[in-house]
Protein chains: 2
Amino acid sequence: MTPVFKNKKIKEIIEYYKLPWALSYVTGIAHWDLETYMPSNGAGMRGEALAKISSLRQKIFLDKNFVNLIHQAERSKTLSDVEGGVVRILLRSLKYYEKLPPSFVEEFEKLTSTATVVWRNAKDTNDFKLFAPYLSKIFDMNRQMAEYLSYTKSPYDALLDQYEEGLTSKDVESFFTEIKDPLKNILSQITHSKKYSKVLPLENAKYDKEKLSEVNDKILKLFWSGFGKNFRMDISAHPFTTSFANTDTRITTWYHDRDFARSVLATVHEFGHALYDLQCDPALQMTPIQGGSSLVIHESQSRFWENFVGRSRNFIEYFLNDFQKAVGRKLSVEDVYAYFNKVSPSMLRVEADEVTYHFHIMLRFEIEKGIIEGGLKIKDLPEIWNSKMKEYLGITPKTDSDGVLQDIHWSGGSVGYFPTYSLGTFLGAQWEKEIVDYGLAIGEYGKMEKWLKDHIHKYGSTYTLQDLLTKNKMKFDPSVNLNYLRKKYAKIYGF
Amino acid sequence: MTPVFKNKKIKEIIEYYKLPWALSYVTGIAHWDLETYMPSNGAGMRGEALAKISSLRQKIFLDKNFVNLIHQAERSKTLSDVEGGVVRILLRSLKYYEKLPPSFVEEFEKLTSTATVVWRNAKDTNDFKLFAPYLSKIFDMNRQMAEYLSYTKSPYDALLDQYEEGLTSKDVESFFTEIKDPLKNILSQITHSKKYSKVLPLENAKYDKEKLSEVNDKILKLFWSGFGKNFRMDISAHPFTTSFANTDTRITTWYHDRDFARSVLATVHEFGHALYDLQCDPALQMTPIQGGSSLVIHESQSRFWENFVGRSRNFIEYFLNDFQKAVGRKLSVEDVYAYFNKVSPSMLRVEADEVTYHFHIMLRFEIEKGIIEGGLKIKDLPEIWNSKMKEYLGITPKTDSDGVLQDIHWSGGSVGYFPTYSLGTFLGAQWEKEIVDYGLAIGEYGKMEKWLKDHIHKYGSTYTLQDLLTKNKMKFDPSVNLNYLRKKYAKIYGF
């Protein structure tokens, strides 16, 4: 049943909201362009424009009548689920906009637009010092933001809450405590197994970029019949998804000289995000609850697709021929399956396997928390990064590009985002279990998509993570993913 | 000398103007994206967003304090040239915004965003009826716009003025009267000459799209060292230029199966537009006089590059090898020169030669004027178009895609734009004469660009066409182009 908005105040809200929506819509395009096609010199003026519009959006949002409408709607006791969702999301934005000075919002936007381009150059030239002053300012402003937004225990909590409603450092810490030893245990069994080999030859196999790009297109065409019509893919320095509407949702992927799994799994990962936006109920478009809700749910979608589809045997079987064409040599399903599911400590989070992935996140969490709570210094980051890599994964990046500079998130101003990847991954395993218990097999893509739509996507941001789980009669339970990993990798590595 | 803004009111104006500038900046990106990368289904919501922002920009522009500031500055008697330019441009916008109801502005934006995509589909499928209702509405709204803007003689004058300050139907008519017979005369001498051949084989030569795309890149790299840094090129259904800033200016080109001149000359043409924006004084960025002034000046730049550079012997010599690679056969400079400068009635304005081009414009002018003043009906357009093609050029389009559907302008809402192409072309010939008289040869691209910068580009929109001509001690004089055409084509066709 299509959700409808009946409450009079909500209807007025939705009508007025089209304006801030439109501003987000066009700045969304400007951000997408910044990562994909913008000539490099454009960054400065782009930042100026986006900064102006950020504070304009804030001003429009804080319009007295609009704020009153929100509070009036808040007091209503007969709101439907979607109406309640609208109020919840608007109250969250309101909190943000009411507490942050417009000059701060504007400065932050200007800073991060420029920093994204500086980061890209710094990463390309392995020059941490080039990026350091921007990174420093970004963390300073995030610290300041936490003060504006207020918090009970740690300033980092205020930042986490931006990406996942109500998430605290304590939650994240207890989650990591729960998974750390079991993961170490699995990793140790793998690395001590007889089948463990440090480098599988396929990682180093060069590929034809054009041909791999055709494979990526073919994957998306298989997954989504609207590919090209309401969904497209481009290339960027770091894969990402952005959605302006369910009629225009976009992902990016990337290409390197070798290691085709990195490109293919990025495509599949981002598709998981995109699908969440593409399958949102059309009736929710242009409203505050258009598109995906919490970041943990979002990452649970992307990581579900990446891990359970992209790394699955039947996905690999389906595209084996295409992979062969791209690398120009004969491959077996077993070769590619072993390669796609190889567990081994490595430098880059985005190409990490399902077991070591979370150590990458723990490292980032500790660094972010350390800087925000005070104690860690930006200039020491490369060294801290490398020593934590040594501690968690026993390896040391050769360059900062493969170390502290690898992720785009900080340059875009996001501090507190990373934990949602691990939490999302663990939740993703729970969705897989639900789907499989429901009777669907991984590989029945159309049916799986329908299931995800009905249970998650169509609601847009109507529900919080907690409410969505309750609605689906579920509880967040890290043991599901741990059991899955233990079982899967015991089979692969024979322990 | 870098222009400076000293007047206190002007300084306040420029500070406030950053906000409407920012809105134009991001909507500019959204429009560029709409023509280049947007998935087709995105059009509807794109239109909604752009419509909202159009009327928001209007509201911000009509802010009482801002309007007062403009009027206060207008009364100042000590304005410098750039300050006067700022006031002039703002008064023009003000007139537009004060007279058009916000709902009209919003509706027009929504209509044209959608119509652009419908037009593209209609053109692709040769389906005029698909586009007709949109075209009808666009002309109706243009007619209504003329009423809002007011006019003395013809409603079409109000529309012409939008693209060229002060231009009237009478001006255009007397210009066409002046050039029509001499052009017919030249054309007749050509078509009756012994060398006239109806089809030169190169038009039909297929080319390798990838390789021609490399040639286009090479051309732009030769012309502009900042290619890739502050300037880029993409592909679209109809070539265009857009500039968000001198740090981010973009053109598009196009590719067809055959006729490589069409792609190359489009690239060169659009470069001429882009250069005007790229060489605008940096101090004018983010102000109302950022970028090119009148459309006639703009087209004088693009047509100058297209006709005097792109069709020149030394340009062809320089790229001969690359053209050969693209078409995969040996060519001589004479072959390509004859092909690039072939005069022959043809269906498409954008691939028309220097002589027949203006008949394409006369046809459009008569049609636009006829519809706006009443008398012509949208449903009859294909027939009217074809009969006028017969009358002026003796040929009849086989499809509406090659006829009434060929241009993007109407779908984007532009009525009254076309005459600036002819006027601009004639002015372009005058710039060429100035440049050559100054001692520069076509082919000394860097020096030519410097000349164009110093005499035209750096001023941005500071001056009207008339003032710019006066500043350069020039008068608009159609005989310059007529003489050039007569001389050039007498030599080529031997009459």
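Where a number appears in this text, it was derived from the coordinates with a stated rule and is not lab data. As the structure is a prediction and not an experimental result, all values here were calculated from the model. Note that we place each Cβ from the backbone using ideal geometry, even for glycine, and neighbour counts take in every protein chain shown.
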Exercise. Can you work out the base-10 log of I(q)/I(0) for the range B:8-155 at q = 0.10, 0.16, 0.17 1/Å, using the Debye formula on its C-alpha atoms alone?
Worked result: -0.45, -0.96, -1.03
For this session: Name the long-range amide H neighbours of A:S236: under 5 Å, sequence gap of 5 or more, or other chain; modelled H, no Pro or chain starts.
Result: A:T253
Seminar exercise, completed: Within 10 Å of the Cβ of an average residue in B:225-232, the count of other chain Cβ atoms is 3
Problem set entry | FRET efficiency for A:K77 and B:K129, using Cβ-Cβ distance with R0 set to 60 Å, rounded to 0.05 | 0.70
Exercise. Can you give the FRET efficiency for A:K487 and B:I235, using 1/(1 + (r/R0)^6), R0 = 60 Å, r = Cβ-Cβ distance, to the nearest 0.05?
Worked result: 0.75
For this session: Quick one: pull the percentage of alpha-carbon pairs in the range A:420-481 with a separation above 20 Å.
Result: 25
Problem set entry | Peptides B:426-439, A:15-28 ordered by average Cβ neighbours within 10 Å, highest first | A:15-28, B:426-439
Seminar exercise, completed: Counting only DSSP beta bridges fully inside the protein assembly as shown, the antiparallel percentage to nearest 5 is 45
Exercise. In chain B, what residue has the beta-carbon at the shortest distance from the axis of the rotation relating B to A, and what is that distance in angstrom, rounded to the whole number?
Worked result: B:V26, 2
Exercise. Looking at chain A, what % of its DSSP beta bridges pair antiparallel, to the nearest 5?
Worked result: 45
For this session: May I ask you to derive the FRET efficiency for B:S387 and A:A283 from their Cβ-Cβ distance with R0 = 56 Å, giving the value to the nearest 0.05?
Result: 0.70
Problem set entry | the protein assembly as shown: radius of gyration over Cα atoms, expressed as a fraction of 2.2 N^0.38 Å | 1.01
Seminar exercise, completed: Distances in nm between the label point of A:F476 (7 Å along Cα→Cβ) and its equivalents in the other copies, shortest first, are 6.8
Exercise. Copy-to-copy spacing for B:E373, label 7 Å out on the Cα-to-C-beta vector, in nm, shortest first?
Worked result: 8.0
Problem set entry | Most positive-pole-ward Cα, B:W21, B:G166, B:S236, against dipole of chain B from beta carbon charges | B:G166
Seminar exercise, completed: If N is the residue count of the range B:152-201, its Cα Rg over 2.2 N^0.38 Å rounds to 1.77
Exercise. Using a ≥ b ≥ c from the Cα gyration tensor of the range A:10-58 (square roots of the eigenvalues), is it rounded, prolate or oblate, where a/c under 1.5 gives rounded and otherwise the larger of a/b and b/c decides, a/b for prolate?
Worked result: oblate
For this session: Please give, to one decimal in nm, the separation of the simple spin-label points placed at B:R258 and A:L222, each 7 Å out from Cα toward the Cβ.
Result: 4.0
Seminar exercise, completed: Toy charge model, Lys and Arg Cβ at +1, Asp and Glu Cβ at -1: the protein assembly as shown dipole around Cα centroid in debye, rounded to 20, equals 380
For this session: Past 20 Å, Cα to Cα, is the threshold; run A:K180/A:K377; A:K180/A:K369; B:K194/B:K488; B:K184/B:K342 against it and keep the listed order.
Result: A:K180/A:K377
Problem set entry | Protection proxy ranking, peptides B:459-466, A:466-473, average beta carbon neighbours within 10 Å, highest first | B:459-466, A:466-473
For this session: Please give every one of the lysines within straight-line cross-link reach of B:K221, meaning a C-alpha to C-alpha distance under 22 Å, and leave out same-chain neighbours fewer than 8 residues apart.
Result: B:K209, B:K211, B:K229, B:K325, B:K447, B:K450, B:K453, B:K458
Exercise. Tilt of helix A:381-393 relative to the longest C-alpha principal axis of chain A, in degrees (0 to 90, nearest 10)?
Worked result: 50
For this session: Could you work out the relative contact order of the range B:84-209, using alpha carbon pairs under 8 angstrom and six or more residues apart, expressed as a whole percent?
Result: 14
Seminar exercise, completed: Computed over chain A, the relative contact order (Cα-Cα under 8 Å, seq sep at least six) in percent reads 20
Seminar exercise, completed: at B:E173 the sorted inter-copy label distances (label 7 Å from Cα on Cβ side), in nanometres, are 8.4
For this session: Calculate for the protein assembly as shown the 222 nm mean residue ellipticity that helices alone would give, adding -39,500 (n - 2.57) per DSSP H run of length 4 or more and normalising by residue count, nearest 500 deg cm²/dmol.
Result: -20500 deg cm²/dmol
Exercise. Among B:S76, B:F108, B:S55, whose Cα lies farthest out toward the positive end of the dipole of chain B, if unit charges sit on the beta carbon of Lys, Arg (+1) and Asp, Glu (-1)?
Worked result: B:S76
Problem set entry | Dimensionless Rg over Rh [chain A; C-alpha; Kirkwood] | 0.95
Seminar exercise, completed: Distance in Å, no decimals, from the C-alpha centre of the range B:420-464 to the one of the range A:197-251 is 45
Problem set entry | 10 Å Cβ neighbours from other chains, averaged over peptide B:241-248 | 5
Exercise. Based only on the alpha carbon positions, what is the Kirkwood hydrodynamic radius of the range A:194-265, in angstrom?
Worked result: 13.7
For this session: Taking chain B as the reference, fit the longest principal axis to its C-alpha atoms, fit the long axis of helix B:169-191 to the helix C-alpha atoms, and give the angle between the two in degrees, 0 to 90, nearest 10.
Result: 10
Exercise. Name the residues of the range A:453-493 whose amide N is less than 20 Å from a point 7 angstrom out from the Cα of A:K6 along the C-beta direction?
Worked result: A:459, A:462-463
For this session: From other protein chains only, count the Cβ atoms within 10 Å of every residue's Cβ in A:277-286, then give the mean.
Result: 1
Problem set entry | Ratio Rg/Rh, restricted to the range B:353-425 and using Cα atoms, in which Rh is the Kirkwood radius | 0.93
For this session: For the range A:448-495, would you read off the P(r) tail past 15 Å as a percentage of all alpha carbon pairs?
Result: 60
Exercise. Tilt of helix A:357-373 relative to the longest C-alpha principal axis of chain A, in degrees (0 to 90, nearest 10)?
Worked result: 40
For this session: Per residue of the range A:263-278, in order, report the coupling 6.51 cos²θ - 1.76 cosθ + 1.60 (Karplus, θ = phi - 60°) as ³J(HN,Hα) in whole Hz, putting x for Gly and Pro.
Result: 6, 5, 5, 5, 4, 5, 4, 5, 4, x, 5, 4, 4, 4, 6, 5
Problem set entry | Mean Cβ neighbour count within 10 Å, used as a protection proxy, ranking B:107-114, A:486-493 highest first | B:107-114, A:486-493
Seminar exercise, completed: Extension length gain for A:S193 and A:K379 (0.36 nm per residue less Cα distance), in nm, is 63.0 nm
Seminar exercise, completed: Here the relative contact order (percent) of the range A:57-131, from C-alpha pairs under 8 Å and at least 6 apart, is 28
Seminar exercise, completed: Across all Cα atoms of the range A:161-293, Rg and the largest Cα-Cα distance (Dmax), in Å, are 19.1, 55
